[in-house]
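The values are calculated or read from the model by the stated rules, or taken from the named source; none is laboratory data. Small disclaimer: the values here were computed from a predicted structure and weren't measured. Every residue, glycine among them, receives a Cβ derived from its backbone with ideal geometry; neighbour counts consider all protein chains shown. The protein model used for the area step is the full one, side chains on, heavy atoms only, and it has no ligands, DNA or RNA in it. Shrake-Rupley method; radii C 1.70, N 1.55, O 1.52, S 1.80 Å.
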Amino acid sequence: MTTAQAHRTAAKLHPRRIALFGGSFDPIHAGHLVVARAADRRFNFDEMHFIPASRPPHKLKQHLAPFPHRFAMVALACSEHPHFVPSLAEAGEDFSGTQLHYSVDTVRYFRHAYHGQGGRIFFIIGADAFLDIPMWKEYETLLGLCDFVIANRPGIRLEALRLVIPPDLHGRPDAEREKEDEVVANGSPVVAQLERTTVYLLENVSSEVSATDIRRKANRGQSIHGLVSGRVEEYILKQGLYR
Ligand code: ATP
């Protein structure tokens, strides 16, 4: 057996679990990391890719720190975790991060990259962002391309999340898949089973930290200690970001 064949056989027996966590990450903060660590513990990911958005289509009007700064902070935050990977997937060909990217294309890119290795892709998303997903490009296709892990946020009920998914996308009840999903979910509730993918809920991860609050504090010269990782705090101060 060649090495490639051996890899394929191993992948079939143990499909790699790849998580994608996208955001404007302006800056990446403790709330993101709490979600990432909790999801990682629950779902045992082999890799979690943190993908700073180029210009998030839903935040076109908002001023964002330049992509290189947001990427640098993501890289610093990832440096403390062996399988957290800072991703340039939305940096564009010139690495400037100024072109528009859509999640559906980013997921296709990762599916392509991990195709043949039998990898399974999970999209990590906050409940507030999931409620807005019907505004995203080709969201029905996106929901069918990969599994979703929704990090719950205060005041958002499971039923509200379920209502976001069009009824015709729901799969037929299938006892075998339900059993499989239970194993993958490892105690997390299933929001919905679609034809080929599953939407899971990650509970008890809510944190009140938001990037908006951090930018505001930094702008006023207030301390952001504890709201971002130590290295990211140092970076923000050294670069004079958000002043
Ligand atoms: P902003 O305040 O600028 O809108 P943000 O803090 O919401 O930013 P984003 O980078 O836009 O951060 O978020 C990326 C993803 O992380 C989204 O899916 C969002 O729902 C989720 N998220 C952000 N903050 C938290 C938090 N405190 N707890 C759980 N999920 C969060």
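Would you point out the residue of region 192-203, among those that are under 17 Å from the mean Cα position of the chain (by Cα) and of a type outside the set (Asp, Glu), that is nearest to His32 (Cα to Cα)?
Filtering region 192-203 for residues that are under 17 Å from the mean Cα position of the chain (by Cα) and of a type outside the set (Asp, Glu), the one nearest to His32 (Cα to Cα) comes out as Leu202.
Exactly one condition in (1) away from the ligand (no atom under 13 Å from the Cβ); (2) exposed (fewer than 15 other Cβ atoms within 10 Å of the Cβ) is not met by Tyr235; state its number.
The number of the failed condition is (2).
Please enumerate the residues belonging to region 213-232 that are open to solvent by 70 Å² or more (accessible area, probe 1.4 Å) and part of a helix (DSSP H, G or I).
Arg216, Asn219, Arg220, Arg231
Search region 194-205 for residues being within 16 Å of the ligand (Cβ to nearest atom) and open to solvent by 50 Å² or more (accessible area, probe 1.4 Å), and hand back the single one that is farthest from Ile125 (Cα to Cα).
Asn204
Report every pair of residues separated by at least 6 positions or lying on different chains whose Cβ atoms are under 7 Å apart, first residue within region 24-38 and over 11 Å from Val74 (Cβ atoms) and among the aromatic types (Phe, Trp, Tyr), second outside any helix (DSSP H, G or I) and open to solvent by less than 10 Å² (accessible area, probe 1.4 Å).
That search, which allows pairs on different chains as well, returns nothing.
In the set Glu159, Glu180, Glu208, which member is at pLDDT below 95, within 16 Å of the ligand (Cβ to nearest atom) and either open to solvent by 60 Å² or more (accessible area, probe 1.4 Å) or in a helix (DSSP H, G or I) (or both)?
Glu208 is the lone residue from the list that is at pLDDT below 95, within 16 Å of the ligand (Cβ to nearest atom) and either open to solvent by 60 Å² or more (accessible area, probe 1.4 Å) or in a helix (DSSP H, G or I) (or both).
Answer yes or no as to whether Val191 is farther than 30 Å from Ala65 by Cβ, surrounded by 18 or more Cβ atoms within 10 Å (Cβ to Cβ) and within 16 Å of the ligand (Cβ to nearest atom).
The answer is yes for Val191.
Which one is farthest from Val184 (Cα to Cα) among residues in region 116-156 that are away from the ligand (no atom under 14 Å from the Cβ) and of a type in the set (Lys, Arg)?
So, considering only residues that are away from the ligand (no atom under 14 Å from the Cβ) and of a type in the set (Lys, Arg), the one farthest from Val184 (Cα to Cα) is Lys137.
A quick yes/no check of all residues on (1) over 30 Å from Val184 (Cα atoms); (2) within 13 Å of the ligand (Cβ to nearest atom); (3) in contact with a Pro (Cβ under 6 Å, 6 or more places away or on another chain):
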| residue | (1), (2), (3) |
| --- | --- |
| Arg16 | no, no, no |
| Gly31 | no, yes, no |
| Phe45 | no, no, no |
| Phe50 | no, yes, yes |
| Arg70 | yes, yes, yes |
| Gln99 | yes, no, no |
| Ser103 | no, yes, no |
| Tyr114 | no, no, no |
